[in-house]
Amino acid sequence: MTASLQHPGYDPERLLCVAEKMPCRVAQAGTLLSLMGEPAQYSYPSIFLYGHRSTGKSHVINTLLMDLELPHATVSCVECVSVGLMFERVLLELFGPDTSTLLPRSPSLSDFVRIYRQQAPLSPANQTRYIVIEMAELLRDMDSNLLPVLVRLQELVDDNVTVILLSEIVWDRFRPNTGCFEPLILYFPDYSKGDLQQILSQDIHPSYSPELYSAFINILLGVFYSVCRDLRELRHLAALNFSKFCEPLKEGKVKESDTHKLWRNIEPHLKKAMQTVYLRDVSSVQWEQQLQQTEEKECAALKGLSAHAHVELPYYSKFLLIAAYLASYNPARTDRRFFLKHHGKIKKTNFLKKHEKTSNHLLGPKPFPLDRLLAIFYSVVDSRVAPSASVFSQISSLVTLQLLTQLGHDDQLDAPKYKCAVALDFIRAISRTVNFDIVKYLYDFL
């Protein structure tokens with residue numbers, strides 16, 4: 001049952017329709033409406049919404065503004081690569097197409113404020129105007145005075161306008177050294193497994209019953225929830241694999257009620273799909289073709305391994321585990337030798353000490369800090385990967401799966417340290433699935 005959304009300044013029936021469009025986010029929408037206040041009242045100058053990717057921030061604010069017909073302008077810092085494009089977009093959506101032409105060729109903040117103050121009386125609004133800025137963390141790379149101006153824009157333009165910033169990082173990473181006006185902060189938590197089940201089950205297939213699709217989503221989350229909680233990624237995986245799930249039904253081999261046979265049919269396919277989590281380099285058709293071409297090669301590479309010696313992991317999680325193994329069994333000062341191109345010739349005997357004559361594999365894994373793990377990971381992965389929440393969430397998943405061991409997490413002053421908890425045969429099997437020769441990067445095998 002959809003939770004109710006109530007506010008004295010809006011029609012209850014319209015709020016009910018709005019609540020139906022944002023499942024599992026009615027509580028956050030209600031808090032946001034309370035912060036925004038009634039339409040005719042002055043709202044707080046700036047509001048900061050933050051949370052991991054795909055937690056409903058943009059969906060909630062855009063649904064509220066569009067369905068409640070509130071005047072607003074939405075800009076993305078990814079699309080607006082310069083300050084001038086951002087100002088032009090805001091003026092265009094708030095005051096019409098003719099206004100944006102008033103900006104000079106390279107507009108400054110004072111130009112934007114001046115034109116806004118000129119146009120606001122010409123286009124009076126009896127409601128609060130809203131400026132929504134998505135991917136607001138990119139503002140930190142723009143002019144240093146842009147963010148302080150945006151959070152107090154209401155005061156500068158003398159108009160009932162509120163700036164809403166959407167970000168994946170906390171406000172403490174935004175606050176400039178000189179200080180600035182503090183916005184109201186609202187956190188969007190990650191969706192729980194039940195929330196994801198409820199949301200994804202709404203994307204029913206017209207040819208099959210809702211119960212069948214709900215059972216498929218339950219199976220999908222049982223496989224992927226431990227390594228991926230991104231709603232958009234899970235929705236993509238569901239669309240990619242549902243046709244495979246329904247193949248026995250199309251062939252008439254099973255009925256919809258026989259979920260056990262359907263599960264046995266889709267299980268190996270979902271394990272292979274683990275390799276494409278967070279990857280969109282190829283289309284679903286190309287991915288299917290690549291799977292067929294590489295299936296025989298993978299079987300040959302894993303031949304002779306026991307069933308428990310191979311675990312299906314996402315693509316980047318495999319490289320994170322490889323980086324953790326290298327960090328645990330290689331001395332820290334050898335990182336330059338293995339991962340820098342112009343390191344010079346360094347002989348092992350030149351820096352071999354007495355206590356290092358024993359093999360590191362006999363001494364066991366050594367702890368390493370998070371920054372060293374990430375440095376090795378970015379060196380060994382075969383593509384450019386931007387630091388994001390998905391990378392850190394996969395590290396947490398490896399800890400949950402007991403492939404990594406976290407140390408010293410009670411001390412909040414130090415960065416977390418980890419140990420790799422897998423054997424050499426295991427990591428060699430994982431390395432073969434991504435065509436990485438780990439032996440070349442192990443100090444003990446020089």
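The values are calculated or read from the model by the stated rules, or taken from the named source; none is laboratory data. Predicted model only: the values in this text are computed from it and were never measured. With ideal geometry, Cβ positions are generated from the backbone for all residues, glycine too; neighbour counts draw on all protein chains shown. The area values use the complete protein model at the heavy-atom level, side chains included, leaving out ligands, DNA and RNA. Shrake-Rupley method; radii C 1.70, N 1.55, O 1.52, S 1.80 Å.
Highest mean packing comes first when the peptides 119-125, 108-114, 162-168 are listed by Cβ atoms within 10 Å, giving 162-168, 108-114, 119-125. Expressed as a fraction of 2.2 N^0.38 Å, the C-alpha radius of gyration for the stretch 55-209 is 1.20. Around V422, what is the net charge, scoring Lys/Arg as +1 and Asp/Glu as -1 over all other residues with Cβ under 15 Å from its Cβ? Around V422, the charge tally is +3. Take the Kirkwood radius over Cα pairs of the stretch 1-63, plug it into Stokes-Einstein at 25 °C and 0.890 mPa s, and you get 198 µm²/s for translational diffusion. Counting only the heavy atoms of the protein chains, how much of K253 is accessible to a 1.4 Å probe, in Å² to the nearest 10? Surface open to solvent at K253 totals about 150 Å². Positive contributions from Lys and Arg (+1) and negative ones from Asp and Glu (-1), summed over other residues with Cβ under 14 Å from the Cβ of E256, come out at 0. Scanning residues 5 or more positions from I169 or on other chains, those with amide H under 5 Å from its amide H are G51, with H placed 1.01 Å from N in the peptide plane. Cross-link pairs exceeding 25 Å between alpha carbons, from the set K318/K417; K57/K271; K57/K318; K366/K440: K57/K271; K57/K318. Rounded, prolate or oblate: which one fits the stretch 1-117, using the alpha carbon gyration tensor with axes a ≥ b ≥ c (rounded when a/c is under 1.5, else prolate when a/b beats b/c, else oblate)? Since a/c reaches 1.5 and a/b is larger than b/c, the shape of the stretch 1-117 is classed as prolate. Taking only the C-alpha atoms of the stretch 105-191, the Rg (one decimal) and the largest Cα-Cα distance, Dmax (whole number), read 14.2, 44 Å.
Using the 1.4 Å probe convention, the accessible area of the stretch 1-124 works out to 49 Å² per residue with neighbouring protein chains retained.
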